[in-house]
Every structure is written in C-alpha cells, then in structure tokens.
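Please treat every number below as a calculation from the coordinates, not as lab data. Just so it is clear, the structure is predicted and the values come from calculations on it, not from any experiment. Cβ atoms come from the backbone with ideal geometry, glycine included; neighbour counts cover every protein chain shown.
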Amino acid sequence: MQTFDALLREAEAAHGHLCAGQILGVRLAMLGCQRLGIDDPKGVVNPIDRKRLVTFIEIDRCATDAIGVVTGCRLGKRAIKFRDWGKMAATFVDLAAPLSLQGDTPVYKAIRIAALESSKQRARELYPQIENKNQQQMLAYREMPDTDLFSEEWVAVPIHPREMPGYKSARITCELCGEGINYDREIRRDGKTLCEACATPDARYYQPLTPEDFAAISKAGAGSSPPPACEHC
Ligand SMILES: [Zn+2]
Ligand SMILES: [Zn+2]
C-alpha cells in the first residue's frame, strides 16, 4: 500500500484541493483495503489485487474522490457503485471469493465503514484554538485513531454478474428513440423494447425544452451562475 501522504497528494491533485474530506476519504479507503487484506488495490505491484475490489459509496462529496484515488475504483470501470444516501460511508467488496449464491447472484464479503458523527466534535476538542473548521478537522483527522473516526461492520453484498466490471452485454436499440442501451437496462412494455427514458417519461431526470421555453430562458439571460464551492472551503 502507498503511504498515507502519497495517497493524500494524489487525492489533492484529483480533487483540485486539499480539504478535510480528502483526509477522511483517504483514511476510510485505506482502512477498507486493510480490513480486506488488499495491499495493492491499484495493482501497481500485484495485478491480481487490482480486480478484487468493488466499492459502494453512499455520498457524492469531497471524500468520494479520495476513495476513488485510494482504491483505484472508477465509475467508468463499473467498480464504483453510487448509492445516493447522503451518508459519509462506503462499502468495500472483496470479489476474491464469493461466500454463497443467491439464485444466480454471487454474494461477497465486504466491510462497510461510516464516518462517526462524533468525529467533528472530537476535532473541536483537540484543536479548540483553531477557528477554521476545515483546518481544525484537517489536523485532527490526520492523527485521530480509526476508532474515533469510523464505525465498521462486516456485511454481505450480492452483486449480479451483469453489474460486475467487465460484463459484456448485448447492445439493444430503443424502439422509440433509437438510442442504444447497454447492460441489460432495456424495459419491455406493451410488446416494445424501450429505454428507461421512453418507458417512464415522467420519471426522467430531464424534460425536453420546447423552442418557446428555450427562447424565454435565453432572453432572461440564465445559465451563468458560478459552480458550487466545496463544502469544506
Ligand atoms: Zn474538498
Ligand atoms: Zn428510448
């Protein structure tokens, strides 16, 4: 395993700045790998370790980037599974040996690690003289023992073969919009094969703008608000 400082430098570069979330994320992911006995998750020295890990992350916040850096898991490799629960927690799944089978779905051993609510209070107690919360937490989270930062639980995680990295699926075309659908995400409805957006248009995360909508928005001059800042800064 790379050192904490080396991983933190990588996390800083990937995230764009150093913040308490990076320190928490690096430590959380290092602990996860350590518990599973995965010494080289990115497979720098031992390529076998590289494909041993799938990570479920329950928040899209600063620490999320750091967890990706330490584990080498990437959304684009299907090795990160995002569950939007708004919780500072992640589950590290060891693909080395399934525990059992649930139907056609292998169940794997995993460790779920969550940041303790009390860690912020502990940081205040350790560095009461530092007013800036990010600075206070950055110092404290470096040195606090794992037991003051995290709770841990061994869990079993079923992962269907179609959700695994490297799964090859047939490419299906939606009969309504003509767009391609991967990974068996097509839906059969009224005798048609449809994509998610066409099957349940009301549940789309977007709604098409009409030319009238677009003209009205352009006139109002919308679309120039600045991106949101990091929560720690
Ligand atoms: Zn940040
Ligand atoms: Zn469609």
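If you plug each phi of the stretch 150-156 into the Karplus form 6.51 cos²θ - 1.76 cosθ + 1.60 with θ = phi - 60°, what whole-Hz ³J(HN,Hα) values come out, in order, with x for Gly and Pro?
Per-residue couplings from phi come out as 9, 9, 9, 8, 6, 9, 10 Hz.
Share of antiparallel DSSP beta bridges in the chain, in percent to the nearest 5?
Counting only bridges with both partners in the chain, antiparallel ones make up about 90 percent.
Once amide H atoms are placed 1.01 Å from N in the peptide plane, what residues at a sequence separation of 5 or more from Tyr183, or on another chain, have their amide H within under 5 Å of its amide H?
Hits under the 5 Å cutoff: Ser169.
State the Cα centre-to-centre distance between the stretch 119-143 and the stretch 2-41 in whole Å.
Cα centres, the stretch 119-143 to the stretch 2-41: 19 Å.
Out of the chymotrypsin sites (Phe, Trp or Tyr not before Pro) in the stretch 145-182, which ones are loop residues according to DSSP with at most 16 other C-beta atoms within 10 Å?
Tyr167
Among 23-36, 83-96, 173-186, 202-215, how do they line up from the highest to the lowest mean number of other beta-carbon atoms within 10 Å?
Result, highest mean first: 23-36, 83-96, 173-186, 202-215.
The stretch 136-208: Rg/Rh from Cα coordinates, Kirkwood Rh?
With Rh from the inverse mean 1/r over Cα pairs, Rg/Rh is 1.29.
Return the calculated 222 nm mean residue ellipticity for the chain, to the nearest 500 deg cm²/dmol, obtained by summing -39500 (n - 2.57) across DSSP H runs with n ≥ 4 and dividing by the residue count.
About -10000 deg cm²/dmol.
May I ask you to work out the translational diffusion coefficient for the chain at 37 °C, viscosity 0.692 mPa s, via Stokes-Einstein with Rh from the Kirkwood sum over Cα pairs, reported in whole µm²/s? Display every interim value, and only then the final one.
Numbers: Rh = 20.4 Å.
Estimated diffusion coefficient is 161 µm²/s.
How high is the relative contact order of the stretch 172-220, in percent, counting Cα pairs under 8 Å that sit 6 or more residues apart? All intermediate terms of the calculation are to be shown ahead of the outcome.
On the way: 40 pairs, mean separation 12.2, N = 49.
Over the stretch 172-220, the number comes to 25 percent.
For Thr193, enumerate residues with amide H under 5 Å from its amide H, sequence gap 5+ or separate chain, H modeled in the peptide plane.
Glu175
Only Cα pairs under 8 Å and at least 6 apart count here; give the relative contact order of the stretch 1-143 as a rounded whole percent.
Computed value for the stretch 1-143: 24 percent relative contact order.
Ordered by residue, what ³J(HN,Hα) values in Hz, to whole numbers, does the stretch 75-91 give under the Karplus form 6.51 cos²θ - 1.76 cosθ + 1.60, where θ = phi - 60° and Gly and Pro are x?
In residue order, the calculated couplings are 4, x, 10, 6, 9, 10, 10, 8, 10, 7, 9, x, 10, 7, 8, 8, 10 Hz.
Going down the list Lys51/Lys87; Lys51/Lys168; Lys87/Lys168; Lys81/Lys192; Lys42/Lys77, which pairs span over 20 Å between their C-alpha atoms?
Numbers: Lys51/Lys87 26 Å; Lys51/Lys168 16 Å; Lys87/Lys168 31 Å; Lys81/Lys192 29 Å; Lys42/Lys77 13 Å.
Lys51/Lys87; Lys87/Lys168; Lys81/Lys192, as the Cα separations exceed 20 Å there.
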